[in-house]
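Encoded as C-alpha cells, the structure appears first; notes follow it.
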Amino acid sequence: MAVPLFDPATPRAALREELAAALTRVLDDGRYVLGPEVDAFEAELARWLGVRHVAGVANGTEAITIALRALGVGPGDEVVVPSFTFYASAEAIPPTGATPVFCDVDPRTFVATPDAVRAVLTPRTKAVVLVHLFGNVAPVAEVQALGVPVVEDAAQAIGSRAGDALTGALGTIATFSFYPSKNLGGLGDGGAVATGDARLDERVRTLRFHGSPDKETFTDVGYNSRLDELQAAALRVQLPHVHAWCDARRAAARMYGDAGLGELCALPVPAAGADPAWNLYVVRRERPEQLAAALRDAGIGARTYYSVPAHRQPALAAYGREAVLPGTDEAARTHLALPMSAALARAQVDEVVAAVRAAVR
Ligand SMILES: *Cc1c(COP(=O)(O)O)cnc(C)c1O
C-alpha cells in the first residue's frame, strides 16, 4: 500500500456537496473578486483567529510583501528572515525595497530563536519575518520584546497554538497562504493578512487594491492582490473543520512517536510552549536523500524541501554572502519530510516506520 507525502483530497472529499453548492452560489451571484464571500470569510477567519482584522489577498507571498509595506518598510531598511524556510518568505522582502538579512534557526525546532534574531539586528532593522515553519511556532513575543515588529509568516501553521493563542494572533501582523497543500487550502491560490491594528489593516486594504483607499485616488504604488470569491467561498466551507484536521495531524505525529520512529531518526521538537499542527512532518538524519530514495522505492512519499536554503539561492545569494548560519546548514543537510496529513491512519504510519527501519538497517 502506497503512502503519499500529503493528502489534501481525502478530508476535502467529505465536503464535496457543500463545496459544490458554495461554488454554484458564486457562479449565480456574478461577483467574482472582493465581494460578499470575501467579506464573510474575512470576518469568519478574524473571529476564528481571535484577531480584530483580516484582509484577503491573492497569495501568501504577496501577503508578506504587503504586510511589510503596511509597517512602513521601504528602501534603506533591513528585514530579518530565517534562511531555512520556503524561498517565498525571503523573496517577499526585496519588492519592498528593503534588504533581507538572514538569521539562523534551531535545527531541532526548525524555527528562529531570539538569540539568532538578536545576532543580526542593526539600527536599520525595520521588521522581522518569523516563520512558523512546518507548523512549529516561532518565538513571536520574545522577538517583539527586542523592540522590532514581527510579521508572522503563518503560511504553514494555521491551527498551531502557543498557549491559548493561535499562530497568526501572536504579533503585530501575520500572513497566511491558502495554497492547496496548506492546513487550510483553497482550490487555487489565496492568502490573507491578519492584524489587531485598524490602521495597519487599512494600509493592507489600500495596498492590495493598487494602492487606492477609494478606487479613485491612488496614494501608493501598490499591488493587484485580491482574493477571489470562488476561493473565499471554498475556504468558508472548510474553515469550521480546520481544528479537527489539525488535531488529526497532531495525532499522526504522536503515532509516529508511538511507533518507534524516534529510535531511527531525530523527530521534530515542538518549540517551548508550542502545540504545532504539523503541516509537514520533518525528521532529521544524515544522508536524507539516500533514505528518501529507499522510501520512494517502497511506495512511500518522502522528500527534502530546503536543501539549498534561501541565502544560498542564486537570486538571493548577494544578500546572504556574509551569513554564517550553522543551524540552517545542519537542517538543510539532514531534514526529510515523511507522510503527513489529516487523513493519515495508524496502519500507514506503521508502514512508514517499518520502511524507515528497513532502509536504515
Ligand atoms: C507557501 C508558503 C509561502 C507562500 O505562499 P503562496 O501562497 O504560495 O504564495 C510563504 N511562506 C511559507 C513558509 C510557505 O510555506
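Okay, here's what the table says:
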| read-out | value |
| --- | --- |
| Among the residues listed as V79, V105, V151, the single one being more than 11 Å from the ligand (Cβ to nearest atom) and either over 30 Å from P339 (Cβ atoms) or among the polar types (S, T, N, Q) (or both) | V79 |
| Filter pass, A63 being part of a helix (DSSP H, G or I) and open to solvent by 40 Å² or more (accessible area, probe 1.4 Å) | no |
| Yes/no for E322 being at pLDDT below 95 and assigned to a loop (DSSP other than H, G, I, E, B) | yes |
| Flag for A194 being in a strand (DSSP E or B), away from the ligand (no atom under 14 Å from the Cβ) and in the same structural domain as T113 (by TED's automatic domain parsing) | yes |
| Flag for G168 being in a loop (DSSP other than H, G, I, E, B), closer than 19 Å to P82 by Cβ and in contact (Cβ under 8 Å) with a residue 40 or more places away in the chain | yes |
| Scope the stretch 84-102; condition assigned to a loop (DSSP other than H, G, I, E, B), away from the ligand (no atom under 12 Å from the Cβ) and buried (at least 20 other Cβ atoms within 10 Å of the Cβ); matching residues | A98 |
| Whichever residue in the stretch 197-234 is among the charged types (D, E, K, R) and within 16 Å of the ligand (Cβ to nearest atom) and, among such residues, is least open to solvent (accessible area, probe 1.4 Å) | R208 |
| Qualifying residue in the stretch 270-292 (condition: at negative phi, over 21 Å from the mean Cα position of the chain (by Cα) and among the small types (G, A, S)) | yes |
| All helices (runs of 4 or more DSSP H) inside the stretch 206-301 with 1 or more residues being among the aromatic types (F, W, Y) | 242-258 |
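The values are calculated or read from the model by the stated rules, or taken from the named source; none is laboratory data. Note that this is a predicted model, so its numbers are computed, not measured. Reconstructed Cβ throughout: ideal geometry from the backbone, glycine too, with neighbour counts over all protein chains shown. Remember, those area values only see protein heavy atoms, side chains included, never the ligands or the DNA or RNA. Shrake-Rupley method; radii C 1.70, N 1.55, O 1.52, S 1.80 Å.
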